[in-house]
Amino acid sequence: MTGPTHETTADLITLPGTPLAEAVMNLIRPVETPSVFNHSIRSYMFARLVASRLGLTVGRDYHDDLLFAACAMHDLGVASDGPHSQRFEVEGADRAASFLIDHGVPAADADQVWQAIALHTSPGIAERRGTLCVLVREGVALDFGGPMGADHVDAVTDEQADALHAAYPRLDMIRSLTDAIVAQAAKNPKNALRYTIPGEFLRERETFGRTRMEHACASSRWGN
């Protein structure tokens, strides 16, 4: 299946509405900046568009609650209440998996979410670790508008993008998220290992005052 998918605006911005999804929302909303929170929710909506484009079906190919949980919590590692003691992707994955198990999600499903979050900044690896990893990686990448991977940027019409951004505005997300990643990375050398996203973001900010990602996103489809 190629080209944009077609959904009504109501369908496009509808969240799962399950007790688990509500619990996830209640977890992340108080501890993430509004722009990072909106990014996390948009990533889920973009991931669903990618799933539709790839011909994947809810219930057969992926579990919608798990997709929502993984997308919504993928930046939990930069939350204001976190321990900030390891690279943000791993810290977020650990917190998300623990949260899901505490809410009755089977360990195997929680581990799928762990992998999807831990690997969302790892192109070439995430795509080989199952459908959930693929959709989370692609949903997050799509919200960056191209610089993290442009395979599905044309899967979204301008009207769909406008509807998503009206419901969950960007609020200078690129800068806000980069600020959060850099601040978390600066707290502990273990958070900023060389050649990891947090490590390189920290060094680029210290050296150039701006990351390459921020520069690239400025001219991406969505801008900042």
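Please list 196-204, 133-141 highest first by mean number of surrounding beta-carbon atoms within 10 Å per residue. It would help to have the intermediate numbers written out before the result.
Working: 196-204: 19.2, 133-141: 25.9.
Descending mean neighbour count gives 133-141, 196-204.
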*Run the accessible area of region 113-224 with a 1.4 Å probe and give the carbon-and-sulfur part as a rounded percent.*
53
*For a paramagnetic label modelled at 7 Å from the Cα of residue 22 toward its Cβ, which residues of region 73-115 fall within the zone defined by backbone nitrogen distances under 20 Å?*
73, 99-106
*Taking the alpha-carbon centroid of each part, what is the distance from region 116-192 to region 53-98 in angstrom?*
12
*asked:* How far apart, in nanometres, would the label points at residue 85 and residue 125 be if each is projected 7 angstrom from Cα along the Cα-to-Cβ direction?
replied: 2.2
_5 angstrom amide H check on residue 62, placed H, neighbours 5+ away_ = 57
*Could you pull out every whole DSSP H run in the chain that spans at least 24 Å of Cα extent along its own axis and averages -1.0 or higher on the Kyte-Doolittle scale?*
34-53
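The values are calculated or read from the model by the stated rules, or taken from the named source; none is laboratory data. Here the structure is a predicted model, which is why all the values come from computation and not from measurement. Cβ sites come from the backbone with ideal geometry, for glycine too, and all protein chains shown count toward neighbours. These area figures cover heavy atoms from the full protein model, side chains too; ligands, DNA and RNA do not enter into them. Shrake-Rupley method; radii C 1.70, N 1.55, O 1.52, S 1.80 Å.
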